[in-house]
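Below: the structure, in C-alpha coordinates.
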Amino acid sequence: MSTPPEPPERPQDPRPGDPPPPPNQPPPPNQPPPPNQPPPPHQPPPPGQAQGGAPAPGGPYGPGGGSGPGGPYGPGGGAPYAWPPPPARQENTTGVVVALTFAGVVLEVIVNAVLAVATLAAADGLGSHKELAVVGGAVILAAIVFGGGTLLIRHRQPWSRGLGLGLMIGWALVTILSAGFCTGVNTSLYTNGGL
Amino acid sequence: MIEELRFGGVSVPAHAFFVGLGVVLASVVFVLEARRRGALREESLVAVTGALVGGAVGMRLSGWAEHLDPALNPGIVEAWMFGARSILGGLTGAYVGVLVAKRLIGYRERTGDLFAPAVAIGMAVGRLGCFLTEAPGRPTALPWGVHAPATVPECPGCLAGQAMHPSFLYEVVFQLAAFGALLWARGRVDRPGELFTLYLGAYAVFRFLVEFTRANETVWLDLTRPQWFLMPGLALLAVRLTYGYRKGFYDRLLPGRGERPLLTGVRLSPAGEEDR
(Lines give C-alpha, C1' and ligand atoms only; values in the text may rest on other atoms or scores of the structure.)
Protein backbone atom coordinates (compact mmCIF):
# COMPACT_ATOMS: atom_id res chain seq x y z
CA MET A 1 0.00 0.00 0.00
CA SER A 2 1.50 3.21 -0.94
CA THR A 3 0.26 6.65 -1.61
CA PRO A 4 0.61 7.75 -5.20
CA PRO A 5 3.39 10.27 -5.50
CA GLU A 6 2.47 13.91 -5.69
CA PRO A 7 2.58 15.30 -9.20
CA PRO A 8 5.69 17.36 -9.69
CA GLU A 9 5.31 21.08 -9.66
CA ARG A 10 5.57 22.92 -12.97
CA PRO A 11 7.78 25.88 -12.39
CA GLN A 12 7.43 26.85 -16.03
CA ASP A 13 3.67 27.37 -15.90
CA PRO A 14 2.87 30.81 -17.25
CA ARG A 15 1.11 33.32 -15.03
CA PRO A 16 -1.33 36.03 -16.00
CA GLY A 17 0.60 38.91 -17.41
CA ASP A 18 3.60 36.86 -18.44
CA PRO A 19 4.90 37.40 -21.95
CA PRO A 20 3.66 34.96 -24.58
CA PRO A 21 5.63 31.76 -25.05
CA PRO A 22 8.57 31.86 -27.42
CA PRO A 23 7.98 30.56 -30.93
CA ASN A 24 9.75 27.24 -30.33
CA GLN A 25 7.06 26.15 -27.87
CA PRO A 26 4.11 24.10 -29.09
CA PRO A 27 1.03 26.01 -30.17
CA PRO A 28 -1.82 26.61 -27.74
CA PRO A 29 -4.29 23.78 -27.40
CA ASN A 30 -7.10 25.57 -29.21
CA GLN A 31 -5.13 25.35 -32.46
CA PRO A 32 -4.82 22.04 -34.26
CA PRO A 33 -1.31 20.64 -34.44
CA PRO A 34 0.35 20.70 -37.79
CA PRO A 35 0.14 17.48 -39.74
CA ASN A 36 2.75 14.75 -39.18
CA GLN A 37 3.53 16.06 -35.72
CA PRO A 38 2.71 14.42 -32.40
CA PRO A 39 -0.01 16.07 -30.36
CA PRO A 40 1.23 18.79 -27.99
CA PRO A 41 1.92 17.97 -24.38
CA HIS A 42 -0.63 18.73 -21.72
CA GLN A 43 -0.85 22.50 -21.48
CA PRO A 44 -2.74 24.90 -19.24
CA PRO A 45 -5.40 26.99 -20.91
CA PRO A 46 -4.35 30.43 -22.00
CA PRO A 47 -4.69 33.19 -19.43
CA GLY A 48 -7.71 34.67 -21.07
CA GLN A 49 -9.71 31.53 -20.49
CA ALA A 50 -8.56 30.96 -16.96
CA GLN A 51 -9.58 34.30 -15.52
CA GLY A 52 -13.19 34.43 -14.41
CA GLY A 53 -16.05 33.71 -16.67
CA ALA A 54 -17.96 30.51 -16.94
CA PRO A 55 -16.96 27.41 -15.04
CA ALA A 56 -14.74 25.09 -16.97
CA PRO A 57 -16.12 21.74 -18.03
CA GLY A 58 -15.05 18.64 -16.27
CA GLY A 59 -11.77 17.18 -17.42
CA PRO A 60 -10.63 13.57 -17.40
CA TYR A 61 -9.35 13.83 -13.80
CA GLY A 62 -12.37 15.37 -12.12
CA PRO A 63 -14.94 18.11 -12.42
CA GLY A 64 -14.02 21.53 -13.60
CA GLY A 65 -13.55 24.44 -11.25
CA GLY A 66 -16.52 26.53 -10.32
CA SER A 67 -16.80 30.27 -10.13
CA GLY A 68 -14.63 31.42 -7.26
CA PRO A 69 -15.21 34.31 -4.92
CA GLY A 70 -12.76 36.62 -6.66
CA GLY A 71 -9.44 37.76 -5.37
CA PRO A 72 -7.95 41.18 -4.94
CA TYR A 73 -6.72 41.30 -8.52
CA GLY A 74 -9.90 40.57 -10.39
CA PRO A 75 -12.68 38.07 -10.60
CA GLY A 76 -11.89 34.52 -9.72
CA GLY A 77 -13.36 31.26 -10.93
CA GLY A 78 -12.78 29.29 -14.03
CA ALA A 79 -10.58 26.30 -14.28
CA PRO A 80 -7.57 25.89 -12.03
CA TYR A 81 -4.82 27.63 -13.91
CA ALA A 82 -2.22 24.92 -13.96
CA TRP A 83 -3.48 21.43 -14.54
CA PRO A 84 -1.39 18.68 -13.06
CA PRO A 85 0.05 16.25 -15.55
CA PRO A 86 -2.08 13.18 -16.06
CA PRO A 87 -1.16 10.53 -13.49
CA ALA A 88 0.00 7.13 -14.53
CA ARG A 89 -2.96 4.82 -14.96
CA GLN A 90 -3.25 2.49 -11.97
CA GLU A 91 -5.42 -0.51 -11.50
CA ASN A 92 -8.18 0.23 -9.02
CA THR A 93 -8.05 -2.55 -6.43
CA THR A 94 -10.12 -0.87 -3.73
CA GLY A 95 -13.15 -3.06 -4.47
CA VAL A 96 -11.15 -6.26 -4.03
CA VAL A 97 -9.59 -4.98 -0.81
CA VAL A 98 -12.96 -3.97 0.66
CA ALA A 99 -14.60 -7.28 -0.29
CA LEU A 100 -11.77 -9.28 1.26
CA THR A 101 -11.92 -7.08 4.33
CA PHE A 102 -15.45 -8.29 4.98
CA ALA A 103 -14.25 -11.84 4.42
CA GLY A 104 -11.47 -11.24 6.90
CA VAL A 105 -13.94 -10.07 9.54
CA VAL A 106 -15.97 -13.26 9.09
CA LEU A 107 -12.80 -15.36 9.21
CA GLU A 108 -11.75 -13.73 12.46
CA VAL A 109 -15.11 -14.48 14.06
CA ILE A 110 -14.83 -18.13 13.01
CA VAL A 111 -11.27 -18.43 14.32
CA ASN A 112 -12.38 -16.70 17.49
CA ALA A 113 -15.24 -19.13 18.05
CA VAL A 114 -13.07 -22.19 17.45
CA LEU A 115 -10.43 -20.87 19.82
CA ALA A 116 -13.10 -20.12 22.43
CA VAL A 117 -14.15 -23.75 22.46
CA ALA A 118 -10.53 -24.84 22.74
CA THR A 119 -9.98 -22.39 25.60
CA LEU A 120 -12.98 -23.69 27.53
CA ALA A 121 -11.80 -27.25 27.02
CA ALA A 122 -8.31 -26.35 28.19
CA ALA A 123 -9.69 -24.53 31.23
CA ASP A 124 -11.36 -27.71 32.43
CA GLY A 125 -7.98 -29.29 32.99
CA LEU A 126 -6.40 -26.38 34.84
CA GLY A 127 -8.02 -26.72 38.23
CA SER A 128 -8.06 -23.39 40.08
CA HIS A 129 -6.00 -21.51 37.49
CA LYS A 130 -8.62 -21.36 34.78
CA GLU A 131 -7.81 -17.75 33.95
CA LEU A 132 -4.50 -18.95 32.54
CA ALA A 133 -6.44 -20.64 29.76
CA VAL A 134 -8.20 -17.39 28.95
CA VAL A 135 -4.97 -15.42 28.92
CA GLY A 136 -3.37 -18.07 26.74
CA GLY A 137 -6.34 -18.08 24.36
CA ALA A 138 -6.28 -14.30 24.10
CA VAL A 139 -2.56 -14.25 23.39
CA ILE A 140 -2.85 -16.97 20.75
CA LEU A 141 -5.73 -15.17 19.06
CA ALA A 142 -3.86 -11.86 19.10
CA ALA A 143 -0.84 -13.58 17.58
CA ILE A 144 -2.98 -15.08 14.83
CA VAL A 145 -4.81 -11.83 14.11
CA PHE A 146 -1.98 -9.33 14.30
CA GLY A 147 0.91 -11.57 13.32
CA GLY A 148 -0.98 -13.20 10.49
CA GLY A 149 -2.66 -9.95 9.54
CA THR A 150 0.63 -8.12 9.33
CA LEU A 151 2.13 -10.87 7.17
CA LEU A 152 -0.88 -10.76 4.88
CA ILE A 153 -0.69 -6.99 4.53
CA ARG A 154 3.01 -7.17 3.78
CA HIS A 155 2.27 -9.68 1.02
CA ARG A 156 1.10 -6.61 -0.95
CA GLN A 157 -1.57 -8.38 -2.96
CA PRO A 158 -5.02 -6.75 -2.93
CA TRP A 159 -6.68 -9.90 -1.56
CA SER A 160 -4.09 -10.36 1.16
CA ARG A 161 -4.22 -6.74 2.22
CA GLY A 162 -8.00 -6.91 2.55
CA LEU A 163 -7.85 -10.16 4.48
CA GLY A 164 -5.21 -8.82 6.85
CA LEU A 165 -7.15 -5.64 7.55
CA GLY A 166 -10.34 -7.66 7.97
CA LEU A 167 -8.75 -9.90 10.59
CA MET A 168 -7.74 -6.88 12.64
CA ILE A 169 -11.10 -5.14 12.23
CA GLY A 170 -12.87 -8.35 13.24
CA TRP A 171 -10.76 -8.63 16.39
CA ALA A 172 -11.56 -5.02 17.30
CA LEU A 173 -15.28 -5.43 16.67
CA VAL A 174 -15.48 -8.61 18.72
CA THR A 175 -13.60 -6.92 21.54
CA ILE A 176 -15.87 -3.87 21.47
CA LEU A 177 -19.19 -5.56 20.92
CA SER A 178 -19.17 -8.88 22.68
CA ALA A 179 -18.07 -10.66 25.78
CA GLY A 180 -15.02 -11.31 23.72
CA PHE A 181 -14.83 -15.06 23.25
CA CYS A 182 -11.09 -15.29 23.21
CA THR A 183 -10.04 -11.70 23.02
CA GLY A 184 -9.83 -11.97 26.78
CA VAL A 185 -12.71 -9.63 27.52
CA ASN A 186 -15.01 -12.22 29.00
CA THR A 187 -16.49 -10.56 32.01
CA SER A 188 -19.91 -12.16 31.80
CA LEU A 189 -18.33 -15.51 31.04
CA TYR A 190 -16.37 -15.45 34.30
CA THR A 191 -19.08 -14.03 36.50
CA ASN A 192 -21.59 -16.56 35.30
CA GLY A 193 -19.28 -19.36 36.24
CA GLY A 194 -18.52 -20.37 32.70
CA LEU A 195 -15.00 -21.26 33.63
CA MET B 1 -32.69 -0.83 33.28
CA ILE B 2 -33.17 -3.23 30.42
CA GLU B 3 -30.32 -5.67 30.26
CA GLU B 4 -31.60 -7.65 27.31
CA LEU B 5 -33.71 -7.02 24.24
CA ARG B 6 -35.86 -9.76 22.80
CA PHE B 7 -36.33 -10.16 19.07
CA GLY B 8 -38.76 -13.00 18.62
CA GLY B 9 -37.29 -15.80 20.64
CA VAL B 10 -33.78 -14.39 20.67
CA SER B 11 -32.49 -12.25 23.51
CA VAL B 12 -29.67 -9.84 22.81
CA PRO B 13 -27.65 -7.84 25.37
CA ALA B 14 -29.03 -4.31 25.14
CA HIS B 15 -25.70 -2.53 25.57
CA ALA B 16 -23.93 -4.58 22.93
CA PHE B 17 -26.89 -4.24 20.58
CA PHE B 18 -26.87 -0.45 20.62
CA VAL B 19 -23.09 -0.24 20.51
CA GLY B 20 -23.15 -2.55 17.50
CA LEU B 21 -25.88 -0.53 15.85
CA GLY B 22 -23.83 2.59 16.49
CA VAL B 23 -20.77 1.03 14.87
CA VAL B 24 -22.82 0.03 11.81
CA LEU B 25 -24.33 3.50 11.46
CA ALA B 26 -20.94 5.13 11.96
CA SER B 27 -19.50 2.90 9.23
CA VAL B 28 -22.25 3.92 6.82
CA VAL B 29 -21.76 7.61 7.57
CA PHE B 30 -17.99 7.23 7.21
CA VAL B 31 -18.33 5.61 3.79
CA LEU B 32 -20.79 8.26 2.62
CA GLU B 33 -18.56 11.06 3.86
CA ALA B 34 -15.47 9.50 2.32
CA ARG B 35 -17.28 9.14 -0.98
CA ARG B 36 -18.45 12.75 -0.82
CA ARG B 37 -14.91 13.94 -0.23
CA GLY B 38 -13.39 11.64 -2.83
CA ALA B 39 -11.45 9.77 -0.13
CA LEU B 40 -13.03 6.35 -0.49
CA ARG B 41 -9.77 4.49 -0.89
CA GLU B 42 -7.62 1.92 0.76
CA GLU B 43 -5.74 4.34 2.95
CA SER B 44 -9.03 5.34 4.57
CA LEU B 45 -9.70 1.68 5.34
CA VAL B 46 -6.32 1.43 7.01
CA ALA B 47 -7.20 4.48 9.11
CA VAL B 48 -10.49 2.82 10.11
CA THR B 49 -8.61 -0.30 11.12
CA GLY B 50 -6.29 1.79 13.26
CA ALA B 51 -9.25 3.56 14.85
CA LEU B 52 -11.09 0.35 15.71
CA VAL B 53 -8.08 -1.52 17.05
CA GLY B 54 -6.84 1.52 18.97
CA GLY B 55 -10.33 2.18 20.30
CA ALA B 56 -10.78 -1.41 21.44
CA VAL B 57 -7.44 -1.37 23.25
CA GLY B 58 -7.90 2.12 24.66
CA MET B 59 -11.33 1.56 26.12
CA ARG B 60 -10.14 -1.45 28.10
CA LEU B 61 -6.73 -0.25 29.17
CA SER B 62 -7.99 3.10 30.45
CA GLY B 63 -8.62 1.32 33.75
CA TRP B 64 -4.92 0.58 33.91
CA ALA B 65 -4.26 4.24 34.74
CA GLU B 66 -7.31 4.83 36.90
CA HIS B 67 -5.43 6.04 39.95
CA LEU B 68 -2.48 8.36 40.24
CA ASP B 69 -0.95 5.91 42.69
CA PRO B 70 0.23 3.01 40.51
CA ALA B 71 -0.15 0.60 43.41
CA LEU B 72 -3.90 1.09 43.33
CA ASN B 73 -4.24 0.32 39.63
CA PRO B 74 -4.93 -3.16 38.33
CA GLY B 75 -2.34 -5.04 36.35
CA ILE B 76 -2.50 -4.83 32.59
CA VAL B 77 -4.02 -8.30 32.26
CA GLU B 78 -6.62 -7.57 34.91
CA ALA B 79 -7.46 -4.21 33.32
CA TRP B 80 -7.83 -5.89 29.96
CA MET B 81 -10.06 -8.65 31.26
CA PHE B 82 -12.21 -6.78 33.76
CA GLY B 83 -11.67 -3.09 33.01
CA ALA B 84 -14.43 -0.64 32.24
CA ARG B 85 -15.39 0.16 28.68
CA SER B 86 -14.45 3.80 28.81
CA ILE B 87 -15.58 6.03 25.94
CA LEU B 88 -12.84 8.54 26.64
CA GLY B 89 -10.24 5.78 26.68
CA GLY B 90 -11.70 4.43 23.46
CA LEU B 91 -11.62 7.79 21.72
CA THR B 92 -8.06 8.43 22.83
CA GLY B 93 -7.01 4.97 21.70
CA ALA B 94 -8.77 5.43 18.37
CA TYR B 95 -6.97 8.74 17.80
CA VAL B 96 -3.61 7.19 18.55
CA GLY B 97 -4.51 4.14 16.45
CA VAL B 98 -5.22 6.26 13.38
CA LEU B 99 -1.95 8.12 13.81
CA VAL B 100 -0.01 4.87 14.10
CA ALA B 101 -1.79 3.25 11.14
CA LYS B 102 -1.16 6.25 8.91
CA ARG B 103 2.45 6.40 9.99
CA LEU B 104 2.91 2.72 9.15
CA ILE B 105 1.74 3.19 5.57
CA GLY B 106 3.25 6.65 5.14
CA TYR B 107 -0.10 8.34 4.63
CA ARG B 108 0.05 12.03 5.43
CA GLU B 109 -3.40 13.35 4.62
CA ARG B 110 -5.73 14.26 7.46
CA THR B 111 -8.62 11.88 8.01
CA GLY B 112 -10.29 13.37 11.07
CA ASP B 113 -12.99 15.14 9.09
CA LEU B 114 -14.14 11.77 7.75
CA PHE B 115 -14.47 10.43 11.27
CA ALA B 116 -16.17 13.37 12.99
CA PRO B 117 -19.80 12.91 11.79
CA ALA B 118 -19.44 9.13 11.95
CA VAL B 119 -18.29 9.23 15.57
CA ALA B 120 -21.10 11.61 16.50
CA ILE B 121 -23.89 9.45 15.08
CA GLY B 122 -22.29 6.26 16.39
CA MET B 123 -22.05 7.61 19.91
CA ALA B 124 -25.62 8.95 19.79
CA VAL B 125 -26.88 5.42 19.18
CA GLY B 126 -24.38 3.68 21.43
CA ARG B 127 -25.31 5.85 24.40
CA LEU B 128 -28.84 4.49 24.23
CA GLY B 129 -27.34 1.18 25.33
CA CYS B 130 -25.65 2.91 28.26
CA PHE B 131 -28.94 4.56 29.23
CA LEU B 132 -30.70 1.22 29.30
CA THR B 133 -28.07 -0.67 31.28
CA GLU B 134 -26.18 1.73 33.55
CA ALA B 135 -26.99 4.04 36.43
CA PRO B 136 -28.50 7.04 34.67
CA GLY B 137 -27.12 9.88 36.77
CA ARG B 138 -27.14 11.89 39.98
CA PRO B 139 -30.34 12.72 41.85
CA THR B 140 -32.42 15.56 40.49
CA ALA B 141 -35.70 17.31 41.14
CA LEU B 142 -36.12 18.23 37.49
CA PRO B 143 -39.34 16.99 35.92
CA TRP B 144 -37.54 14.77 33.43
CA GLY B 145 -35.66 12.82 36.07
CA VAL B 146 -35.90 9.07 35.65
CA HIS B 147 -36.43 6.35 38.23
CA ALA B 148 -34.78 2.96 38.35
CA PRO B 149 -37.51 0.34 38.50
CA ALA B 150 -37.53 -1.56 41.76
CA THR B 151 -37.85 -4.79 39.83
CA VAL B 152 -34.26 -4.47 38.62
CA PRO B 153 -32.00 -5.26 41.54
CA GLU B 154 -28.64 -4.96 39.76
CA CYS B 155 -28.20 -1.26 39.23
CA PRO B 156 -24.99 -0.15 40.94
CA GLY B 157 -25.17 3.55 41.62
CA CYS B 158 -28.94 3.76 41.28
CA LEU B 159 -30.84 5.45 44.06
CA ALA B 160 -34.06 3.64 44.90
CA GLY B 161 -37.14 5.85 44.77
CA GLN B 162 -35.26 8.95 43.73
CA ALA B 163 -35.34 10.65 40.33
CA MET B 164 -32.00 10.79 38.56
CA HIS B 165 -30.58 12.80 35.65
CA PRO B 166 -30.90 10.89 32.37
CA SER B 167 -27.31 11.87 31.66
CA PHE B 168 -26.90 9.45 28.76
CA LEU B 169 -29.91 10.97 27.04
CA TYR B 170 -28.29 14.38 27.42
CA GLU B 171 -25.36 12.97 25.52
CA VAL B 172 -27.60 11.45 22.86
CA VAL B 173 -29.13 14.88 22.28
CA PHE B 174 -25.68 16.49 22.17
CA GLN B 175 -24.33 13.96 19.68
CA LEU B 176 -27.35 14.34 17.40
CA ALA B 177 -26.99 18.12 17.52
CA ALA B 178 -23.26 17.77 16.85
CA PHE B 179 -23.99 15.50 13.90
CA GLY B 180 -26.35 18.10 12.41
CA ALA B 181 -23.87 20.90 13.09
CA LEU B 182 -21.06 18.95 11.43
CA LEU B 183 -23.17 18.39 8.31
CA TRP B 184 -23.88 22.10 8.22
CA ALA B 185 -20.28 23.12 8.86
CA ARG B 186 -18.53 20.68 6.53
CA GLY B 187 -19.08 22.93 3.53
CA ARG B 188 -17.84 25.96 5.42
CA VAL B 189 -14.61 24.65 6.92
CA ASP B 190 -12.12 24.09 4.16
CA ARG B 191 -8.99 23.42 6.14
CA PRO B 192 -8.46 19.65 6.53
CA GLY B 193 -8.79 18.37 10.06
CA GLU B 194 -10.48 21.45 11.49
CA LEU B 195 -13.95 19.90 11.53
CA PHE B 196 -12.61 17.11 13.71
CA THR B 197 -10.86 19.60 15.96
CA LEU B 198 -14.11 21.52 16.41
CA TYR B 199 -15.99 18.33 17.24
CA LEU B 200 -13.37 17.23 19.74
CA GLY B 201 -13.45 20.63 21.41
CA ALA B 202 -17.23 20.67 21.63
CA TYR B 203 -17.40 17.13 22.98
CA ALA B 204 -14.68 17.73 25.55
CA VAL B 205 -16.52 20.77 26.91
CA PHE B 206 -19.86 18.97 26.88
CA ARG B 207 -18.47 15.88 28.54
CA PHE B 208 -16.80 17.92 31.26
CA LEU B 209 -20.13 19.62 32.02
CA VAL B 210 -22.34 16.54 31.76
CA GLU B 211 -20.12 14.76 34.25
CA PHE B 212 -21.78 16.92 36.92
CA THR B 213 -24.96 14.94 36.24
CA ARG B 214 -23.35 11.52 35.88
CA ALA B 215 -23.23 8.89 38.58
CA ASN B 216 -19.44 8.56 38.37
CA GLU B 217 -17.39 8.63 41.54
CA THR B 218 -15.83 11.95 42.48
CA VAL B 219 -12.20 11.61 43.41
CA TRP B 220 -10.93 15.09 44.24
CA LEU B 221 -12.44 18.57 44.50
CA ASP B 222 -15.83 17.07 43.64
CA LEU B 223 -14.64 16.23 40.16
CA THR B 224 -14.82 12.79 38.57
CA ARG B 225 -11.99 10.90 36.92
CA PRO B 226 -13.18 11.76 33.41
CA GLN B 227 -13.18 15.43 34.36
CA TRP B 228 -9.60 15.23 35.57
CA PHE B 229 -8.66 13.31 32.47
CA LEU B 230 -10.26 16.01 30.33
CA MET B 231 -8.49 18.92 32.05
CA PRO B 232 -5.21 18.82 30.08
CA GLY B 233 -7.09 17.94 26.90
CA LEU B 234 -9.33 20.96 27.30
CA ALA B 235 -6.32 23.22 27.76
CA LEU B 236 -4.67 21.85 24.62
CA LEU B 237 -7.86 22.13 22.62
CA ALA B 238 -8.39 25.71 23.79
CA VAL B 239 -4.93 26.64 22.55
CA ARG B 240 -5.51 24.83 19.26
CA LEU B 241 -8.93 26.37 18.65
CA THR B 242 -7.65 29.85 19.48
CA TYR B 243 -4.88 29.33 16.96
CA GLY B 244 -7.41 28.26 14.34
CA TYR B 245 -9.68 31.17 15.12
CA ARG B 246 -6.86 33.67 14.75
CA LYS B 247 -5.77 32.07 11.50
CA GLY B 248 -9.30 32.42 10.18
CA PHE B 249 -9.99 28.69 9.80
CA TYR B 250 -13.52 29.15 11.13
CA ASP B 251 -14.38 32.50 9.59
CA ARG B 252 -17.16 31.13 7.45
CA LEU B 253 -18.85 29.69 10.51
CA LEU B 254 -18.97 33.00 12.33
CA PRO B 255 -21.35 35.77 11.34
CA GLY B 256 -19.45 38.90 10.47
CA ARG B 257 -16.06 37.22 10.11
CA GLY B 258 -16.87 35.40 6.91
CA GLU B 259 -17.03 38.65 5.00
CA ARG B 260 -13.92 40.08 6.65
CA PRO B 261 -12.37 42.49 4.13
CA LEU B 262 -8.78 42.09 3.20
CA LEU B 263 -6.49 44.54 4.86
CA THR B 264 -4.43 46.92 2.82
CA GLY B 265 -1.27 45.25 1.63
CA VAL B 266 -2.65 41.77 2.17
CA ARG B 267 -2.96 39.38 -0.71
CA LEU B 268 -4.17 35.85 -0.93
CA SER B 269 -1.77 33.01 -1.55
CA PRO B 270 -2.90 30.19 -3.83
CA ALA B 271 -3.85 28.20 -0.70
CA GLY B 272 -6.21 30.96 0.36
CA GLU B 273 -4.03 32.15 3.23
CA GLU B 274 -3.13 35.74 3.75
CA ASP B 275 0.33 36.83 2.75
CA ARG B 276 1.60 40.12 4.07
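The values are calculated or read from the model by the stated rules, or taken from the named source; none is laboratory data. Worth saying up front: this structure is predicted, and the values here are computed from it rather than measured. Here the Cβ positions follow ideal geometry from the backbone for every residue, glycine too, while neighbour counts run over all protein chains shown. For accessibility, only protein heavy atoms count, side chains too; no ligands or nucleic acids. Shrake-Rupley method; radii C 1.70, N 1.55, O 1.52, S 1.80 Å.
Whenever you get a sec, line up A:E91, A:E131 from highest to lowest accessible area (probe 1.4 Å, protein heavy atoms).
Numbers: A:E91 160, A:E131 90 Å².
Ranked from most to least accessible, the order is A:E91, A:E131.
Summarise the accessible area of chain B (1.4 Å probe, protein heavy atoms) by the percent that is carbon and sulfur.
Numbers: 9740 of 14970 Å².
Exposed carbon and sulfur together represent 65 percent of the surface.
Suppose every Lys and Arg Cβ carries +1 and every Asp and Glu Cβ carries -1, with no other charges. What dipole size does the range B:1-155 come out with about its Cα centre, to the nearest 20 debye?
Working: 13 positive and 12 negative charges, 129 e Å.
That gives the range B:1-155 a dipole magnitude of about 620 debye.
Taking a 1.4 Å probe, which of B:E43, B:E78 shows the most accessible area, and what order do the others take after it?
On the way: B:E43 20, B:E78 105 Å².
Ranked list, largest accessible area first: B:E78, B:E43.
List the residues, sorted by chain then number, that are 5 or more residues from B:L5 or on another chain and whose placed amide H is less than 5 Å from its amide H.
Answer set, sorted by chain and number: B:V12, B:A14.
In whole Hz, what ³J(HN,Hα) sequence does the range B:59-74 give by Karplus (6.51, -1.76, 1.60; θ = phi - 60°), x for Gly and Pro?
5, 7, 7, 4, x, 5, 10, 6, 10, 5, 7, x, 5, 8, 7, x
Suppose only helical runs count, i.e. DSSP H with n ≥ 4. What mean residue ellipticity at 222 nm does that imply for chain B under -39500 (n - 2.57) per run, divided by all residues and rounded to the nearest 500 deg cm²/dmol? Please report the intermediate quantities before stating the final value.
Working: 8 runs with 150 residues, N = 276.
About -18500 deg cm²/dmol.
Can you compute the modelled spin-label distance between B:R240 and B:D190, with each label point 7 Å from Cα toward Cβ, in nm?
Once both label points are built, they end up 2.2 nm from each other.
Which order do B:S27, A:S178 take when ranked by solvent-accessible area (1.4 Å probe, heavy atoms of all protein chains), largest first? List each step's numbers first, then the result.
Numbers: B:S27 60, A:S178 30 Å².
Result of the area sort, largest leading: B:S27, A:S178.
Could you go through the range B:231-244 in sequence order and give the Karplus-derived ³J(HN,Hα) for each residue, using 6.51 cos²θ - 1.76 cosθ + 1.60 with θ = phi - 60°, rounded to whole Hz, and x for Gly and Pro?
Going residue by residue, I get 3, x, x, 5, 5, 5, 5, 4, 4, 5, 5, 4, 4, x Hz, with x marking Gly and Pro.
In square angstrom, rounded to the nearest 10, how much accessible surface does B:Y243 have for a 1.4 Å probe?
120 Å²
Leaving ligands, DNA and RNA out of it, work out the accessible area of B:L200 with a 1.4 Å probe and give it in Å² to the nearest 10.
The value for B:L200 is about 50 Å².
How big is the A-B contact in terms of buried accessible area, both chains counted, 1.4 Å probe, rounded to the nearest 100 Å²? Provide the component values of the computation, followed by the final result.
On the way: alone 13270 and 16190 Å², together 27070 Å².
Heavy-atom accessible area buried at this interface is about 2400 Å².
Note down the nm distance, to one decimal, between modelled labels 7 Å out along Cα→Cβ at B:L99 and at A:I110.
Once both label points are built, they end up 3.8 nm from each other.
Round to the nearest 0.05 the FRET efficiency obtained for B:W220 and A:V117 when R0 = 51 Å and r is the Cβ-Cβ distance. All intermediate terms of the calculation are to be shown ahead of the outcome.
Numbers: r = 46 Å, r/R0 = 0.90.
The formula returns an efficiency of 0.65 here.
Taking H placed 1.01 Å from N in the peptide plane, check which residues at least 5 places from B:V219 or on another chain put their amide H under 5 Å from its amide H.
Close amide H contacts, sequence-distant or interchain: B:T224, B:R225.
Taking the Cα centre of the range B:163-223 as the origin, how large is its charge dipole in debye, to the nearest 20, when only Lys and Arg (+1) and Asp and Glu (-1) carry charge on their Cβ atoms?
Details: 5 positive and 6 negative charges, 56 e Å.
Dipole of the range B:163-223, to the nearest 20 debye: 260 debye.
Taking the Cβ of B:L234 as the centre, find all other residues whose Cβ is under 15 Å away and add up their charges (Lys, Arg: +1; Asp, Glu: -1).
Counting the neighbours of B:L234, the net charge comes to +2.
Taking +1 at the Cβ of each Lys and Arg and -1 at the Cβ of each Asp and Glu, which of B:Y95, B:F82, B:G126 sits farthest along the dipole of the range B:67-134 towards its positive end, judged by Cα position relative to the Cα centre?
B:Y95
Please give the net charge around B:T111, taking every other residue with its beta carbon less than 9 angstrom from that of B:T111, where Lys and Arg add +1 and Asp and Glu add -1. Before the final figure, lay out each step's value.
Details: positive: B:K102, B:R110; negative: B:E43, B:E109, B:D113.
Local net charge: -1.
Using the crude model of +1 on Lys and Arg Cβ and -1 on Asp and Glu Cβ, and no other charge, please compute the dipole size for chain B relative to its Cα centre, in debye to 20. List each step's numbers first, then the result.
On the way: 27 positive and 23 negative charges, 208 e Å.
Here the size comes out at about 1000 debye.
Considering only C-alpha atoms, what is the centroid distance from the range B:211-236 to the range B:10-36, in Å?
Each part's Cα centre sits 28 Å from the other's.
Compute the FRET efficiency between A:L151 and B:L183 as 1/(1 + (r/R0)^6), taking r as their Cβ-Cβ distance and R0 = 41 Å, and round to the nearest 0.05.
0.55
With θ set to phi - 60°, apply the Karplus curve 6.51 cos²θ - 1.76 cosθ + 1.60 along the range A:137-143 and write out the HN-Hα couplings as whole Hz, x wherever there is a Gly or Pro.
Each residue's phi maps through the Karplus curve to give x, 5, 5, 4, 5, 4, 5 Hz.
Check which residues have an amide H placed less than 5 Å from B:M164's amide H, if you skip close sequence neighbours.
Amide H to amide H, under 5 Å and 5 or more residues apart or across chains, B:M164 pairs with B:T140, B:V146, B:H147.
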